[in-house]
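Where a number appears in this text, it was derived from the coordinates with a stated rule and is not lab data. All of these numbers come straight from a predicted model, not from anything done at the bench. For neighbour counting, all protein chains shown are included, and Cβ atoms are generated from backbone atoms with ideal geometry for every residue, glycine included.
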Amino acid sequence: MRSAPKFFPPDYVAFYMTKPFGSDAFSVRWYAQVRGHELVTRRDLLPDEPEHPRAEQRYYKLQLGKLVELPHPIPSRSLRRITFVLTNGKRLNEAWEINDLFLGPREHDLLWRALKEARLASHAERDYIIREASTVYSVDFAILCREGTLGIVCGESPGMLPRAVREKLLHFTAAQIDASPSKCIEAIMTAANQLGGVELDQ
């Protein structure tokens, strides 16, 4: 409950599978309706682990309807770890990869569409955690370049970060993205080229 996002509990849950799920790993293939929920302790959920350090912490226990299979799986191109993503039914049914699911501010969607039009989408990730130069930080977008990861923050300034991080970070205000997504793409391409560039999608 402590780490659950603000929208919890949702009306539906779609499941992002991890490595132990074999051929379904790193993709969304199934979803279910949430029919109810209750708050229980970890000890209630996993009675065989009564001495766990979080045994008394509270968790959401969801009552789910029947599992429904999507028309096609929604894969993660970079095999990334994901905890929670806010989305809706329309995006779930239309998505072809994980980044298509994200619901964010208008300027995020504008920039994502611009990245697709610039044939950069297969090298981009949304809501991404970068671990670099002994620093862990979150960016709204990441461009995976040949010689490192270019981070992009939209809206508010990312604040104080080490110089080595700032050199691989772009910041666009919502007004900049609204005014000219193409200029933002030009800046992204220039910065990406300084990190060895990317191979554009065919």
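May I ask for the angle, rounded to the nearest 10°, between helix 106-117 and the longest principal axis of the chain, with both axes built from Cα atoms and the value confined to 0 to 90°? The two axes meet at around 60 degrees.
Given R₀ = 41 Å, what would the calculated FRET efficiency be for LEU161 paired with ALA55, taking r from the Cβ atoms and rounding to 0.05? The pair LEU161/ALA55 has a calculated efficiency of 0.65. Just the Cα atoms of the range 133-183, one point each, no solvent: what log10 I(q)/I(0) does Debye give at q = 0.15, 0.24, 0.26, 0.27 Å⁻¹? Results for the range 133-183 at q = 0.15, 0.24, 0.26, 0.27 Å⁻¹ read -0.43, -0.97, -1.08, -1.13. For the chain, the number of Lys pairs with C-alpha atoms closer than 20 Å, counting only pairs eight or more positions apart or on separate chains, is 5.
Of the GluC sites (Glu not before Pro) found in the range 1-98, those that fall in a DSSP loop while having at most 13 other beta-carbon atoms within 10 Å are GLU51, GLU56. Once the Cα-Cα distance is subtracted from the 0.36 nm per residue extended length, the LEU39 to PHE21 segment shows a gain of 3.8 nm. The convex hull built on the alpha-carbon positions of the range 46-144 has an orientation-averaged projected area of 10.0 nm². Evaluating 6.51 cos²θ - 1.76 cosθ + 1.60 at θ = phi - 60° for every residue in the range 68-77, the Karplus couplings come out as 10, 8, 6, x, 8, x, 10, x, 9, 5 Hz, glycine and proline recorded as x. Taking the Cα atoms only, what angle lies between the long axis of helix 181-193 and the longest principal axis of the chain, rounded to 10 degrees? Approximately 80 degrees, to the nearest ten. Each residue of the range 163-177 is assigned a 3J(HN,Hα), and the resulting list reads 4, 4, 7, 4, 5, 10, 9, 10, 10, 10, 7, 4, 5, 5, 5 Hz, derived from the Karplus form 6.51 cos²θ - 1.76 cosθ + 1.60 (θ = phi - 60°), x at Gly and Pro.
Normalised by the number of residues in the chain, the mean separation of alpha-carbon contacts (under 8 Å, six or more apart) gives a relative contact order of 14 percent. Placing +1 on the Cβ of every Lys and Arg and -1 on the Cβ of every Asp and Glu, with no other charges, gives the chain a dipole of roughly 240 debye about its Cα centre. Per residue of the chain, the DSSP helices (runs of n ≥ 4 H) give a summed -39500 (n - 2.57) that works out to -6000 deg cm²/dmol at 222 nm. Can you give me the Cα centroid spacing of the range 152-174 and the range 77-135 in angstrom? When both Cα centres are located, 18 Å separates them. If each Cα of the range 67-202 is one equal point scatterer, what is log10 of I(q)/I(0) from the Debye formula at q = 0.11, 0.20, 0.21 Å⁻¹? Evaluating at q = 0.11, 0.20, 0.21 Å⁻¹ gives log10 I(q)/I(0) of -0.40, -1.30, -1.42.
Computed from the alpha carbon positions, the gyration tensor of the range 1-62 leads to an equivalent ellipsoid with semi-axes of 24, 17, 10 Å, biggest first.
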